[in-house]
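The values are calculated or read from the model by the stated rules, or taken from the named source; none is laboratory data. Values in this document were obtained by computation on a predicted structure and should not be read as measured data. For neighbour counting, all protein chains shown are included, and Cβ atoms are generated from backbone atoms with ideal geometry for every residue, glycine included.
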Amino acid sequence: MIDLLVTQLSEPAFWTFAAIGFAAQLLDGVLGMGFGALSALAMTLVGYPRVNVSASINGAKMFTGAISGISHIIAGNVDWRLFGWLLSGGLVGALAGATVLTRMTAEWVGLAVDAYLLAVGLYILYRARHRPDSTRVSAPRVAGVGTAAGFLEAMIGVWGPLATGNLVALGTEPRHAVGTGNLAEAIIAVVVFTILVRHLGFEQFGVAVFGLLAGALLAAPMAALLTARLPKRRLMLGVGALVVAISLLRFWRDVV
């Protein structure tokens with residue numbers, strides 16, 4: 001194991017992915033999204049197959065999500081009622097998505113997600129300027145958000161833009177949407193990773209996974225503290241802007 005780590009550290013690509021992991025996790029921890037989307041974008045650009053990208057990202061998220069989730073619990077950013085419904089829906093979606101991913105590849109899924117994320121991001125930006133007050137979100141809606149996010153987490157390694165983005169759009173206080181979403185994401189990542197590794201084996205994971213994980217582990221505790229201190233309206237604007245940016249980046253990647 002030590003020899004493997006030393007080998008990874010000697011690879012120039014390790015430090016590139018470590019920087020990506022740090023930046024992506026800092027955004028993810030503060031805004032509740034970004035790690036999977038930004039990491040997937042980078043890995044896709046260097047030629048990783050979609051199934052390998054999803055497995056690698058979820059492997060890293062098991063650790064980063066756990067640290068981020070614990071940090072958010074300590075910071076008081078987790079709404080346990082939301083967490084239960086979000087996780088239950090997410091588990092259903094993750095099982096379905098991982099099963100589909102190991103059996104088929106549908107290119108139209110990416111474009112559909114891009115369009116949906118763009119609409120959600122624009123709506124969040126609208127709410128941040130016109131309807132900033134938080135509301136109590138119904139359990140069925142939270143479970144539905146979790147199911148959709150869990151499915152896409154398994155398919156393309158993206159959870160936050162749908163989970164956090166939709167919770168904020170529905171009226172959840174931004175810091176609770178971020179903290180609750182990050183904690184649920186860690187458990188969903190374990191489920192997806194376990195299923196995909198049984199299908200792929202461990203030989204698919206290399207320098208990218210170790211690099212992403214190393215950078216992300218450094219950023220996770222810092223992000224939770226920032227989340228609790230940022231003003232609600234500013235945090236909401238940040239979530240909306242990031243969702244829009246991610247959707248446009250993904251659309252460019254999928255089309256070009």
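Annotations for the structure displayed:
- Condition met for I187 (surrounded by 23 or more Cβ atoms within 10 Å (Cβ to Cβ), at pLDDT 75 or above and β-branched (V, I, T)): no
- If the condition is being modelled with pLDDT of 80 or more, closer than 23 Å to A60 by Cα and surrounded by fewer than 20 Cβ atoms within 10 Å (Cβ to Cβ), then the stretch 215-244 contributes L217, L218, M222.
Per-residue answers, yes or no, for (1) under 21 Å from I20 (Cβ atoms); (2) under 14 Å from the mean Cα position of the chain (by Cα):
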residue	(1), (2)
V145	no, yes
L152	yes, yes
V158	yes, yes
G171	no, no
I195	no, no
H199	no, no
A219	yes, no
V243	yes, yes
S247	yes, yes
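- Checking T16 against (1) under 20 Å from F193 (Cβ atoms); (2) at pLDDT 75 or above; (3) of a type in the set (S, T, N, Q), the condition it does not meet: (1)
- Test: residue in the stretch 147-168 that is at pLDDT below 85 and assigned to a loop (DSSP other than H, G, I, E, B): yes
- Enumeration of residues in the stretch 52-101 that are in contact (Cβ under 8 Å) with a residue 40 or more places away in the chain, farther than 23 Å from L217 by Cβ, surrounded by fewer than 24 Cβ atoms within 10 Å (Cβ to Cβ) and small (G, A, S): S88, A96
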